[in-house]
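Structure first, commentary second.
The values are calculated or read from the model by the stated rules, or taken from the named source; none is laboratory data. None of these values were measured; they are calculated from a predicted model. For neighbour counting, all protein chains shown are included, and Cβ atoms are generated from backbone atoms with ideal geometry for every residue, glycine included. Keep in mind that these areas ignore ligands, DNA and RNA; they rest on the heavy atoms of the full protein, side chains included. Shrake-Rupley method; radii C 1.70, N 1.55, O 1.52, S 1.80 Å.
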Amino acid sequence: MNTSSGQGLAPAVERILDAARTRDSPAGDRVAVDARDLPAAFETATAAGRTPLIAEVKPTSPTTDGTRDDDPVELATEMVDGGAAALSVLTEPEHFGGSTDSLERVRDAVDVPVLRKDFLLRERQLDAVESDVVLLIARFLGSEDDPDAGVEGADTLESMLAAARDRGFQALVEVHTEAELERALAAGARIVGVNNRDLAKLEVDLGTFERVADAVPADARGDVTLIAESGVATTDDVARMRAAGADALLVGSAIMDGDVRENTRRLAEESAADAVDSSDTTETTQ
């Protein structure tokens, strides 16, 4: 199996991709989406004094212990009540316990943008369900210059971006390295998520976001929304990612582990309050 980095993936990731390749694409009509604006939702949260969070409805995953059997709609509404600017809903069934039905029900129940979190390799997989945003992982998708850069059986990033936009989706393009960032920006990505988790070893390093965000060209920064993904668990983590340039953060396990409303509120409101307090202290000491 080829990858964009030329390195192997963790066995758990390879199994997820094997399942994604064999999952049937929908046979129905192509979807047409009237998407809720994700960057605008982040701006609204910031204006209201909250840190922009994408809270993730994640029943389980290969990197967490246990499962949550709560109704996804109940979890989602609690997250929004806690201050989430947007939601991420897993639709990968075999390894994350997700479903397109859960996403559809959640999107009907809330008024914030909803990201479809899945491992999408081919255009027709976009038509499984309507969402506001879809995840495209640069490491898995080839490029027009090098179609074999992605994993076996995958379309190119450029073609997947075009197909998503043709349907009305916004696309969050996930990267992990500076090279993937460069490729994403060249393909026209305007919402970029930096995954702090290395898919080769499944290790998390918050320094990944700091390094990759610093590589965004100065003349492109105003046109790109940057999202820090994975490994954010505390208000200190939030502050670190925001200081490094994160416009928003995608948080899963730290919210799902316990009271999802309170966990969302803590990360969205307390971290924002801490940032204001820090700013006030800095101003008074200058």
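Output the residues belonging to the range 246-286 that are closer than 10 Å to residue 50 by Cα, of a type in the set (A, V, I, L, M) and modelled with pLDDT of 85 or more.
Residues satisfying the conditions are 267, 268.
State all residues of the range 165-204 that are part of a helix (DSSP H, G or I), among the small types (Gly, Ala, Ser) and touching a helix residue (DSSP H, G or I) at 6+ places or on another chain (Cβ under 6 Å); if no residue qualifies, say none.
Residues satisfying the conditions are 184, 187.
Yes or no: residue 103 modelled with pLDDT of 95 or more, in a helix (DSSP H, G or I) and open to solvent by less than 40 Å² (accessible area, probe 1.4 Å)?
In short, yes.
Please go through the range 30-45 and give me each residue that is in contact (Cβ under 8 Å) with a residue 24 or more places away in the chain, more than 20 Å from residue 164 (Cβ to Cβ) and open to solvent by 10 Å² or more (accessible area, probe 1.4 Å), ordered by number.
Scanning the range 30-45 gives a single hit, 44.
Give me the residue from the range 225-251 that is of a type in the set (Val, Ile, Thr) and part of a helix (DSSP H, G or I) and, out of that set, most open to solvent (accessible area, probe 1.4 Å).
Taking the candidates together, the pick is 235.
Quick check on residue 40: is it in contact with a Phe, Trp or Tyr (Cβ under 7 Å, 6 or more places away or on another chain), modelled with pLDDT of 95 or more and not β-branched (Val, Ile, Thr)?
It is false that residue 40 is in contact with a Phe, Trp or Tyr (Cβ under 7 Å, 6 or more places away or on another chain), modelled with pLDDT of 95 or more and not β-branched (Val, Ile, Thr).
What number goes with the only condition from (1) over 21 Å from residue 196 (Cα atoms); (2) in contact with a strand residue (DSSP E or B) (Cβ under 6 Å, 6 or more places away or on another chain); (3) open to solvent by less than 30 Å² (accessible area, probe 1.4 Å) that residue 163 does not pass?
(2)
What number of residues in the range 146-155 are open to solvent by 10 Å² or more (accessible area, probe 1.4 Å), of a type in the set (A, V, I, L, M, F, W, C) and in a loop (DSSP other than H, G, I, E, B)?
Summing the residues that are open to solvent by 10 Å² or more (accessible area, probe 1.4 Å), of a type in the set (A, V, I, L, M, F, W, C) and in a loop (DSSP other than H, G, I, E, B) in the range 146-155 gives 1.
What pairs come out if I take residues in the range 1-29 that are among the basic types (Lys, Arg) and pair them with residues that are at pLDDT 85 or above and open to solvent by less than 50 Å² (accessible area, probe 1.4 Å) whose C-beta lies under 8 Å away, six or more apart or interchain?
These pairs meet every condition: 21/121; 23/125.
Working only within the range 130-145, note down all residues that are within 15 Å of the chain's Cα centre (by Cα), among the charged types (D, E, K, R) and in a loop (DSSP other than H, G, I, E, B).
Within the range 130-145, just 132 meets the criteria.
Give the residues of the range 90-134 that are basic (Lys, Arg) and under 19 Å from residue 16 (Cβ atoms), sorted by residue number.
Correct list: 116, 117, 122, 124.
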